[in-house]
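Read the figures in this text as sums done on the coordinates, not as results from a lab. This is a predicted model, so every value here is computed, not measured. Here the Cβ positions follow ideal geometry from the backbone for every residue, glycine too, while neighbour counts run over all protein chains shown.
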Amino acid sequence: MGLHLIFVNLNTTFAAKLTSTMRTDRTFTMLKPDSVEKGYIGAILEKITGAGFKIVAMKLTQMTQSDAETFYAVHNERPFFGELVEYMTRGPIVAAVLEKENAVQDFRTLIGATNPADAAEGTIRKMYAASMGENAVHGSDSDENAEIESQFHFAGREIF
Ligand code: CMP
């Protein structure tokens, strides 16, 4: 086996190990500015904890323009990007890290579809979101992004 192949093999093994050790019991959420403005913080947190999620980090904070542009960089070519950044920076949000078995998927089920018009009855977006753009809550879409997004908002010592 050539040296190059040995390195490729080691890298593959390392990547597989990283994936297999990534935790699957945490997700990241934001109660977006519309939720805070309308006084929904308590009701939404009650839905979240009532569904079995434990809050392991939480704060009221406000994203700067550069925070929002970085956080949503994956959407920066989309026509709604400017509107999204304006919305997410216009007032405080509640950022939180949540713990539960199968956290990412279970939380996405709890919040419902991105567009509240398509969200299932009883989901947070069906109950509290106004529109596709102003959709009340964020939920990470993968274990990897949950980790990245949690670290974007919290120092290690703020996560319990
Ligand atoms: P979320 O899925 O949490 O993260 C990306 C956000 O972009 C999404 O919530 C909405 O707030 C916003 N978004 C997605 N699609 C649209 C759209 N078609 N028009 C306006 N905003 C959108």
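Which is the longest part of the chain that has none of the GluC sites (Glu not before Pro) sitting in a DSSP loop with at most 14 other Cβ atoms within 10 Å?
1-76
Compute a Gaussian network model of the chain, connecting alpha carbons closer than 10 Å, and tell me which residue from I48, I124, I111 fluctuates the most.
I48
Which whole number in µm²/s is D for the chain by Stokes-Einstein, with the Kirkwood Rh taken over Cα pairs at 4 °C and 1.567 mPa s?
D, rounded to a whole number, is 77 µm²/s.
State to the nearest 20 debye the size of the charge dipole of region 23-158 about its Cα centre, where the only charges are +1 on K and R beta carbons and -1 on D and E beta carbons.
380
Run the simple label-point estimate for R90 and T21 please: 7 Å along Cα→C-beta, distance reported in nm.
Result: 4.4 nm between the two label points.
Is there a quick way to get the dipole size of region 35-114? I mean about its Cα centre, with the Cβ of Lys and Arg at +1 and of Asp and Glu at -1; what is the value in debye to the nearest 20?
The dipole magnitude comes to about 240 debye.
Under the Karplus relation 6.51 cos²θ - 1.76 cosθ + 1.60, θ = phi - 60°, what is the ordered set of whole-Hz ³J(HN,Hα) values for region 91-99, x standing for Gly and Pro?
Once θ is set to phi - 60°, the couplings for region 91-99 become x, x, 10, 9, 9, 8, 10, 10, 10 Hz.
Could you check the spin-label model distance between I55 and Q105? Points 7 Å from the Cα along Cα→Cβ, value in nm.
Rounded to a tenth, the inter-label distance reads 2.7 nm.
Using a Gaussian network for the chain with springs between C-alpha atoms less than 10 Å apart, which of these wobbles most: F107, F80, F28?
Per the Cα network of the chain with a 10 Å cutoff, F80 tops the list.
Full extension from T70 to Q151: what is 0.36 nm times the residue separation minus their Cα-Cα distance, to one decimal in nm?
Value of the extension gain: 27.9 nm.
Counting every Cα pair in region 52-122, what percent are over 13 Å apart?
Value for region 52-122: 74 percent of Cα pairs lie more than 13 Å apart.
Have a look at Y128, I48, A117 and report the one farthest towards the positive end of the charge dipole of the chain, computed about the Cα centre with Cβ charges (Lys/Arg +1, Asp/Glu -1).
I48
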